[in-house]
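Structure, as structure tokens:
The values are calculated or read from the model by the stated rules, or taken from the named source; none is laboratory data. What you see is a predicted model, and the numbers here were worked out from it, not measured in a lab. Cβ atoms come from the backbone with ideal geometry, glycine included; neighbour counts cover every protein chain shown. Just so you know, the surface numbers come from the protein's heavy atoms only, side chains and all, with ligands and any DNA or RNA stripped out. Shrake-Rupley method; radii C 1.70, N 1.55, O 1.52, S 1.80 Å.
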Amino acid sequence: MKILMVCLGNICRSPLAHGVLQQLVHRKGLDWTVDSAGIGGWHVGNPPDHRAIAIARRYGVDISEQRAQQFSDSHFDAFDHILAMDRRNLRSLMTQAKTADHRARVQLFLDDSEVPDPYYDNDLFEPVYRLVLQRCNELIDILK
Ligand code: 4NP
């Protein structure tokens, strides 16, 4: 199973989802590939936002070695599930997808709601982390 988490900048939400799911699948001994990417390329090559690194570290997850990458067409073939953090990301991915097969791989990370963007609101990192943790546990049960 190969799962790609996608948000706008690949420095806040998708790195958290990437790190949390990666740790959970490792603990459960699942042979899954987990990665993340951003719709935009502004932060390519950079580590996650320091606030994302800090909240993950508080919960025992180290995401400091991650480096941002921009989503590209090659990701459509490389991943079984491409999970968008919000509806704007979902729309971008659906617009970029050229085939029905590629579109079928794209869905929202949450069932029918969005992970709020914490970039301009420090207080959102904690609730975003909790949301991500809960959903990653659910995703393991849904997808395994
Ligand atoms: P993310 O948050 O999509 O959760 O990584 C953002 C990070 C950076 C920007 C926007 C959202 N930005 O505009 O640079």
What helices (runs of 4 or more DSSP H), lying completely within region 67-120, carry at least 1 residues that are under 20 Å from VAL34 (Cα atoms), within 11 Å of the ligand (Cβ to nearest atom) and polar (S, T, N, Q)?
87-96
Restricting to region 106-129, and then to whatever is open to solvent by 50 Å² or more (accessible area, probe 1.4 Å), at pLDDT 95 or above and over 14 Å from the mean Cα position of the chain (by Cα), can you tell me which residue is nearest to ALA84 (Cα to Cα)?
SER113
For region 1-28, pairs from a residue that is under 19 Å from ARG91 (Cα atoms) to a residue that is open to solvent by 10 Å² or more (accessible area, probe 1.4 Å) and part of a helix (DSSP H, G or I), with Cβ under 6 Å and 6 or more apart or across chains, are LEU4/HIS75; MET5/HIS18
In region 54-98, the residues that are aromatic (Phe, Trp, Tyr) and either open to solvent by 80 Å² or more (accessible area, probe 1.4 Å) or over 11 Å from LEU4 (Cα atoms) (or both):
TYR59
Is it the case, given these coordinates, that HIS50 is within 14 Å of the ligand (Cβ to nearest atom) and free of Cβ contacts under 8 Å to residues at least 12 places away in the same chain?
yes
Could you list all residues from region 27-47 that are under 16 Å from MET1 (Cβ atoms) and within 16 Å of the ligand (Cβ to nearest atom)?
ASP35, SER36
Looking only at region 29-53, which residues are of a type in the set (Gly, Ala, Ser), farther than 25 Å from MET94 by Cα and assigned to a loop (DSSP other than H, G, I, E, B)?
GLY29
For region 17-26, indicate whether the set of residues that are touching a Pro at 6+ places or on another chain (Cβ under 8 Å), open to solvent by 10 Å² or more (accessible area, probe 1.4 Å) and more than 12 Å from the ligand (Cβ to nearest atom) is non-empty.
no
